[in-house]
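The values are calculated or read from the model by the stated rules, or taken from the named source; none is laboratory data. On a predicted model such as this, the values are computed, not experimentally measured, just so you know. No Cβ is skipped: glycine too gets one built from the backbone with ideal geometry, and neighbour counts run over all protein chains shown. Surface areas here come from the heavy atoms of the whole protein model, side chains and all, with no ligands, DNA or RNA. Shrake-Rupley method; radii C 1.70, N 1.55, O 1.52, S 1.80 Å.
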Amino acid sequence: MTRLQPHSRSLLRPRVILPQVQDITPAFLESHGLKGLLLDLDNTLIPYRSYGDHLETVRWASDLRSNGYALYLLSNATKERARIWTERLGFQGVGLAGKPFRREYRRGLASVGLPAHQVAMVGDQLFTDVLGGNLSGMFTIMVQPISDNALPHTRLTRHLERLVLKRYGFDWSGKKSLEAPPTHWHPECPFPESLLSESLLISYSRSPGSDR
């Protein structure tokens with residue numbers, strides 16, 4: 001696990017980076033004072049475009065729910081895909097969420113009935129999941145994508161993600177260990193967010209055909 005120290009200006013900085021969602025255990029959640037999760041779908045819970053069984057993920061979600069943790073799916077996938085997976089996973093959620101815009105994050109928080117500081121946003125993308133979670137005042141957990149199979153614009157932004165994370169002291173290299181020392185942002189270092197205009201973020205999150 002890599003824990004990246006928060007900073008008030010670091011909207012693109014995840015609080016924690018994990019190899020996979022199954023590493024989010026009741027003990028982990030308790031240690032961070034978390035009682036609920038908003039969860040991305042594609043390449044976070046399920047491989048992109050997959051409709052397979054994925055029993056390990058289903059069991060993981062069931063175990064968390066049986067331990068009293070609230071789960072909610074927050075996905076940019078189509079509404080039909082989100083509906084299918086919420087039924088299989090056993091908890092509510094929404095598709096076409098328009099991440100990173102905060103409206104559906106607020107809806108998710110209302111659904112789980114918890115304040116933002118007790119809920120983590122979990123996803124594999126920096127410019128949607130992490131950005132939106134930080135904007136909403138949530139704890140943010142970034143996981144490595146399950147597969148490299150994704151839309152062309154998503155593959156492009158993976159390169160930008162690695163550049164930003166590297167500025168925070170984390171070198172994302174394939175499926176290697178995620179152990180890395182915590183780092184602090186320093187004023188003398190160029191701030192990564194300044195490299196990305198608001199129009200780029202909006203264009204990316206609203207790209208036609210995006211199902212991430």
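Values for this structure:
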read-out: Qualifying residue in the range 120-127 (condition: open to solvent by less than 10 Å² (accessible area, probe 1.4 Å), at pLDDT below 95 and over 18 Å from V21 (Cβ atoms)); value: yes
read-out: Residue in the range 103-110 that is modelled with pLDDT under 95 and within 30 Å of D171 (Cα to Cα) present; value: no
read-out: Meets criteria (without any contact (Cβ under 8 Å) to a residue 24 or more places away in the chain, out of contact with any strand residue (DSSP E or B) (no Cβ under 7 Å at 6 or more places or on another chain) and among the acidic types (D, E)) for E56; value: no
read-out: In the range 59-77, residue most open to solvent (accessible area, probe 1.4 Å) [restricted to those that are out of contact with any helix residue (DSSP H, G or I) (no Cβ under 6 Å at 6 or more places or on another chain) and without any contact (Cβ under 8 Å) to a residue 40 or more places away in the chain]; value: R59
read-out: Search result, residues across the range 96-109 that are free of Cβ contacts under 8 Å to residues at least 24 places away in the same chain and either among the hydrophobic types (A, V, I, L, M, F, W, C) or in contact with a Lys or Arg (Cβ under 9 Å, 6 or more places away or on another chain) (or both); value: L96, A97
read-out: Members of the range 44-56 that are surrounded by 15 or more Cβ atoms within 10 Å (Cβ to Cβ) and at pLDDT below 95; value: I46, P47, Y48, S50, H54
read-out: Qualifying residue in the range 67-76 (condition: in contact with a Gly (Cβ under 8 Å, 6 or more places away or on another chain), at pLDDT below 95 and closer than 23 Å to L96 by Cα); value: yes
read-out: Residue within the range 26-43 that is open to solvent by 20 Å² or more (accessible area, probe 1.4 Å), among the basic types (K, R) and without any contact (Cβ under 8 Å) to a residue 60 or more places away in the chain present; value: no
read-out: Restricting the range 132-148 to residues that are part of a helix (DSSP H, G or I) and open to solvent by 10 Å² or more (accessible area, probe 1.4 Å), the residue that is nearest to L64 (Cα to Cα); value: N134
read-out: Some residue of the range 78-97 being open to solvent by less than 60 Å² (accessible area, probe 1.4 Å) and closer than 23 Å to L165 by Cα; value: no
read-out: Residue in the range 53-64 that is assigned to a loop (DSSP other than H, G, I, E, B), aliphatic (A, V, I, L, M) and under 25 Å from L131 (Cα atoms) present; value: no
